[in-house]
Amino acid sequence: KVLVADDEIVSRRLIESSIRRWGYEVLVAKDGTEARQILLGLDPPHLAVLDWLMPGFDGVELCRQVRARKDETYTYILLLRRKKTSDDVVAGLEGGADDYISKPFEPQELKVRLRTGKRILCLLDQLTAARETLRDLAARDQLTGLWNHNSILEMLEKELARAERQGTSNGIVLADLDHFKQVNDTYGHLAGDRVLCAEAEAIRTAVRPYDVVGRFG
């Protein structure tokens, strides 16, 4: 999904038609105010082509406001500029732009630069997914997949604080497997691990996921 923001109707329609032809979904803004509403709204586009000079907010100011967002959403921004001096480059990059393209634009140049932005966004998505996977692995017991000791303590601290604020109470269930040591001694630790995994799965199917904070072993 690509936002095209340009107050010049001919330029805007040329860019829009080209981008649609390349298979992108296009959102259109006629000035900086409309562009700001889209970029700072819910489900903002991840690619944007912004004219430098527009009524309401210019492209550089929009870059600054987008980069000031507190969420982790990243928008790759191309700035359109009739004259591209060194001062323009510095101002745009300091404002948060990712790349430039000159007006009037060359369709193939725009296509390649959008493709570059799309590739960078894909890499960012992969890095984010990898980070979340590592974070989840660090928070869980490697054998059973249940929350580990540190995660349990963090959750308990948050729940106790919330209960204190709301004037409610918490309950904690401690469970044990009777004679589990005999399983390990008789059948070996691999069999014991299978028992623990089966028990963890039984608990998961019986309670809500957030409630499963037990740790076996």
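For this structure, a couple of remarks:
- Debye, to nearest 20: dipole size of the chain, +1 on Lys, Arg Cβ, -1 on Asp, Glu Cβ: 760
- Here the chain exposes an accessible surface that is 54 percent carbon and sulfur, computed with a 1.4 Å probe and the other protein chains kept in place.
- Solvent-accessible surface of the range 87-187, taken per residue with a 1.4 Å probe and all protein chains present: 74 Å².
- Environment charge at HIS46 (Cβ cut-off 15 Å; Lys +1, Arg +1, Asp -1, Glu -1): 0
- Think of each Lys and Arg Cβ as +1 and each Asp and Glu Cβ as -1; about the Cα centre, that makes the dipole of the range 1-62 roughly 300 debye.
- Among the GluC sites (Glu not before Pro) found in the range 30-100, those both in a DSSP coil and sparsely packed, with 14 or fewer other Cβ atoms within 10 Å of their Cβ, are GLU72.
- For the range 37-121, the dipole from Cβ point charges (+1 on Lys and Arg, -1 on Asp and Glu) about the Cα centre works out to 240 debye, to the nearest 20.
- In the range 1-135, a dipole from Cβ-located charges (positive for Lys and Arg, negative for Asp and Glu) runs towards its positive end, and of GLN37, VAL66, VAL112 it is VAL112 whose Cα lies farthest in that direction.
- Kyte-Doolittle mean at least -0.5 and Cα axial length at least 24 Å: DSSP H helices in the chain: 107-138, 189-206
- Computed over the chain, the range of Cα coordinates on each principal axis works out to 79, 43, 30 Å, biggest value leading.
- Distance in nm between pseudo-label sites at LEU127 and TYR187 (7 Å out along the Cβ direction from Cα): 4.7
The values are calculated or read from the model by the stated rules, or taken from the named source; none is laboratory data. Because the structure is a prediction, the values reported are computed rather than measured. Please note: Cβ atoms are built from the backbone with ideal geometry, for glycine as well, and neighbour counts cover all protein chains shown. These area figures cover heavy atoms from the full protein model, side chains too; ligands, DNA and RNA do not enter into them. Shrake-Rupley method; radii C 1.70, N 1.55, O 1.52, S 1.80 Å.
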